Every structure is written in C-alpha cells, then in structure tokens.
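Notes for the one structure printed next.
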Amino acid sequence: MHNHPIARLVAAADAAINAEDFDRLLDFYADDAVLVIRPGQNASGKAQIRQAFVAIAAYFNHSLQVTQDALHILQNGNTALVLAKTRIRSDQLGETCRDATYVFGLDANGDWRCTIDNSYGHRLLDQPQPA
C-alpha cells in the first residue's frame with residue numbers, strides 16, 4: 001500500500017501540516033473538499049480549510065505533529081477510500097491515535113485530491129445528529 005500514490009500524498013500532506021506549510025497543504029485538496037475540524041464542525045472549500053488549519057495550529061501552540069501508523073487504500077476507478085491509524089501529537093494533547101477515514105478522487109489532470117478529510121472516522125457516529 002505504501003507504493004500507492006495516495007500513500008505518498010498522505011505522507012506529504014502530513015509533512016506540510018507539521019511544517020505549517022498551509023499553501024502547499026492546499027494542493028492536496030480538491031477545490032470543494034470537506035475537512036472535519038471536530039465532530040459537528042466542518043470546513044468546506046480550500047479557503048475554509050486553510051483558515052481551519054491556521055486556527056488548529058494556533059490552538060495547539062504550533063506543536064501539532066501528525067503521522068500515519070497504517071494505511072489501507074480501497075480504490076475503485078477514480079475514487080479511493082483511505083482508512084488510517086492517524087497519530088496526533090502536541091505539547092498540550094500528548095499523543096493520541098484516531099481511526100481516520102479519507103476519500104480521494106482523481107481530478108481532470110489525473111492527480112489524486114482529497115475530497116473528504118475525516119480524522120475522526122467513525123467517532124462522528126457517537127455525536128448527536130442534527131434533527
């Protein structure tokens with residue numbers, strides 16, 4: 001799985017998050033991508049996603065480090081579901097592991113772009129749903 005282009009993209013996106021290189025990070029997202037900021041709060045589109053990552057970095061006092069312990073990629077044509085063990089560390093959080101879920105799609109140029117970034121995975125199901 002680590003030879004799949006998406007695995008390399010995920011690693012590069014993690015490096016961009018860790019370096020707070022948000023302009024580079026946005027290259028990994030589709031224009032209409034959705035980022036789960038936390039259960040019940042999403043960012044839609046690159047402008048909101050960039051704002052979210054800037055706020056997240058500040059919230060974690062610029063100490064956030066993200067890595068993937070494991071990835072499983074299920075590809076069907078131009079769509080891929082990525083299941084990941086995402087390890088998140090920061091000065092105030094310590095270290096935690098999330099069962100993340102990401103969705104990627106091939107764009108018109110044949111490049112993979114993240115369309116849904118959900119580091120909370122199934123934990124979203126534990127949250128009350130709006131009526």
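The values are calculated or read from the model by the stated rules, or taken from the named source; none is laboratory data. These figures come from a predicted structure and were not determined experimentally. Methodologically, a virtual Cβ is constructed for each residue, glycine included, from the backbone with ideal geometry; neighbour enumeration extends over all protein chains shown. These area figures cover heavy atoms from the full protein model, side chains too; ligands, DNA and RNA do not enter into them. Shrake-Rupley method; radii C 1.70, N 1.55, O 1.52, S 1.80 Å.
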Single residue of the stretch 72-100 satisfying the filter (assigned to a loop (DSSP other than H, G, I, E, B) and closer than 26 Å to TYR59 by Cα) that is modelled with the highest pLDDT:
ASP91
Please enumerate the residues belonging to the stretch 101-131 that are part of a strand (DSSP E or B) and touching a residue at least 24 places away in the same chain (Cβ under 8 Å).
TYR102, VAL103, PHE104, GLY105, LEU106, TRP112, ARG113, CYS114, THR115, ILE116, ASP117, ASN118
Just to check your reading of the model, which residue among ASN61, ASN78 is without any contact (Cβ under 8 Å) to a residue 60 or more places away in the chain and in contact with a Gly (Cβ under 9 Å, 6 or more places away or on another chain)?
ASN78
From the set of residues in the stretch 12-43 that are open to solvent by 60 Å² or more (accessible area, probe 1.4 Å) and under 13 Å from the mean Cα position of the chain (by Cα), which is farthest from ARG123 (Cα to Cα)?
ASP27
Failed condition for ALA30, given (1) free of Cβ contacts under 8 Å to residues at least 40 places away in the same chain; (2) out of contact with any Leu (no Cβ under 8 Å at 6 or more places or on another chain); (3) among the hydrophobic types (A, V, I, L, M, F, W, C):
(1)
Applying the selection to the stretch 1-30, what residues are acidic (Asp, Glu) and under 11 Å from TRP112 (Cα atoms)?
ASP27
Within the stretch 1-48, track down each residue that is touching a helix residue (DSSP H, G or I) at 6+ places or on another chain (Cβ under 7 Å) and either part of a helix (DSSP H, G or I) or acidic (Asp, Glu) (or both).
ALA13, ALA16, ILE17, GLU20, PHE22, ARG24, LEU25, LEU26, ASP31, ASP32, LYS46
